[in-house]
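J.: Please read through the structure below; I'll follow up with questions.
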Amino acid sequence: KETKDQLIIDAGQKHFGATMCKSCGMIYAASNSEDELQHVQHHHRFVEGIKYTGWKKERVVAEFWDGKIVLVLPRDPSYAIRKVEDVQELVDNELGFQQVVPKYPNKTKTLLFISDEKKVVGCLIAEPIKQAFRVLSEPTGPETPSSKECQRAWQCSDVPEPAVCGISRIWVFRLKRRKRIARRLVDTLRNCFMFGCFLSTDEIAFSDPTPDGKLFATKYCNT
Ligand code: ACO
Ligand code: ZN
């Protein structure tokens, strides 16, 4: 009788059990071929990064010693849009986001940081907004380990403040973090989001920041 019970449990796990990949962090059902395929794709991108071989018409908005920033707009050729979608899929898988439809898809601006090894190592997706709610700072301070552990439970002010530009995603390839890539993406966004003006840090808002995102945003906005 014991063996039979065990068999039933095994069969159930094989069919419905979710596995988490130890290297890329993705949770998927190993028994589901569609899930498995998605994992293989995510795993490869997570480890190798996304290649960028260059486009005939590319909008280079900033150049650095270690790479460049390219701006992609909604009406760009499909190869550019597809590249942004690939990157967004990687980022969303990594952040555990469900697919979110942007409010102003035709006004979205995407910045890609391209490394000199021809890989997309940073991405920033921004859209126009009218107001934002300030994240209230915690009594412990943003740099303490305890605040990093607690997941997205930041307290927000309930008083809306005017804002111009919302950052819905900011991401840097894990091997390239802490090299000021995110900082350079936001600097460049402030310069190219609205023609002819440089946005102040009060005019930009980070949507639903992760612990990493909040540490970055706090540091960025105070310096
Ligand atoms: N811990 C502590 N401080 C940090 C961290 C961190 N993880 N990340 C950035 N900072 C602070 C530092 O003070 C840093 O300056 P320093 O390195 O001279 O001390 C400063 O911010 C500037 O950091 P950058 O080097 O420009 O940031 P980076 O290129 O590493 O990118 C990012 C930061 C985008 C948050 C990156 O860690 C990442 O991709 N994380 C995973 C994805 C994620 O969580 N994205 C945010 C989601 S929220 C949203 O999209 C709205
Ligand atoms: Zn994996």
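The values are calculated or read from the model by the stated rules, or taken from the named source; none is laboratory data. Note that the coordinates shown come from a computational prediction; the quantities given were computed from them, not determined experimentally. Here Cβ is always computed from backbone atoms with ideal geometry, including for glycine, and neighbour counts include all displayed protein chains.
J.: I'm trying to understand the selection: among the residues of segment 188-201, which are out of contact with any Cys (no Cβ under 8 Å at 6 or more places or on another chain) and touching a residue at least 40 places away in the same chain (Cβ under 8 Å)?
T.: Passing the criteria: Thr188, Asn191, Cys192.
J.: Something else about it: Give, as residue ranges, the strands (runs of 3 or more DSSP E) completely inside segment 155-206 that count at least 1 residues that are surrounded by fewer than 21 Cβ atoms within 10 Å (Cβ to Cβ) and touching a helix residue (DSSP H, G or I) at 6+ places or on another chain (Cβ under 9 Å). Step through it out loud before you land on a result.
T.: Numbers: elements: 156-162, 165-172, 204-206.
Output list reads 156-162, 165-172.
J.: Any idea how many residues of segment 212-222 are modelled with pLDDT under 90 and either near ligand 1 (Cβ under 8 Å from one of its atoms) or under 17 Å from the mean Cα position of the chain (by Cα) (or both)?
T.: Adding up the residues that qualify gives 0.
J.: Considering segment 51-74 alone, what residues qualify as being small (Gly, Ala, Ser) and either touching a strand residue (DSSP E or B) at 6+ places or on another chain (Cβ under 8 Å) or outside any loop (DSSP other than H, G, I, E, B) (or both)? Lay out the reasoning, then the answer.
T.: Looking only at segment 51-74, we keep the residues that are small (Gly, Ala, Ser), and these are 54, 62, 67.
Answer for segment 51-74, where residues must be small (Gly, Ala, Ser) and either touching a strand residue (DSSP E or B) at 6+ places or on another chain (Cβ under 8 Å) or outside any loop (DSSP other than H, G, I, E, B) (or both): Ala62, Gly67.
J.: Could you tell me which residue of segment 13-34 is surrounded by the most Cβ atoms within 10 Å (Cβ to Cβ), considering only residues that are away from ligand 1 (no atom under 16 Å from the Cβ) and under 17 Å from Phe97 (Cβ atoms)?
T.: So the residue we want is Tyr28.
J.: Just a yes or no: is a residue in segment 197-210 under 13 Å from the mean Cα position of the chain (by Cα) and closer than 22 Å to Ser115 by Cα?
T.: Step one: list which residues in segment 197-210 are under 13 Å from the mean Cα position of the chain (by Cα), which gives 206-210.
Cutting the leftovers down to closer than 22 Å to Ser115 by Cα gives us none.
Among the residues of segment 197-210, not one is under 13 Å from the mean Cα position of the chain (by Cα) and closer than 22 Å to Ser115 by Cα, which makes the answer no.
J.: Here is a follow-up. For segment 142-175, which residues satisfy the criterion of being modelled with pLDDT of 85 or more, within 11 Å of ligand 1 (Cβ to nearest atom) and not β-branched (Val, Ile, Thr)?
T.: Gly166, Ser168, Arg169, Trp171, Phe173, Arg174, Leu175
J.: Which of the residues spanning segment 56-81 are surrounded by 15 or more Cβ atoms within 10 Å (Cβ to Cβ) and in contact with a Phe, Trp or Tyr (Cβ under 7 Å, 6 or more places away or on another chain)?
T.: Gly67, Ile69, Ala80
J.: Can you go through Phe198, Phe133 and tell me which one is modelled with pLDDT of 90 or more and either more than 12 Å from ligand 1 (Cβ to nearest atom) or of a type in the set (A, V, I, L, M) (or both)? Explain how you work it out, then say what you get.
T.: Numbers: Phe133 fails: modelled with pLDDT of 90 or more.
The match here is Phe198.
J.: Tell me which of these Val121 doesn't satisfy, since it passes every other one: (1) assigned to a helix (DSSP H, G or I); (2) touching a residue at least 24 places away in the same chain (Cβ under 8 Å).
T.: (1)
J.: Is there a residue in segment 92-115 that is within 16 Å of ligand 2 (Cβ to nearest atom), closer than 21 Å to Leu189 by Cα and in a helix (DSSP H, G or I)?
T.: Narrowing segment 92-115 to residues within 16 Å of ligand 2 (Cβ to nearest atom): 92-96.
Add one more test, that the residue is closer than 21 Å to Leu189 by Cα, and what stays is 92.
Narrowing further to those that are in a helix (DSSP H, G or I): 92.
Yes: one or more hits.
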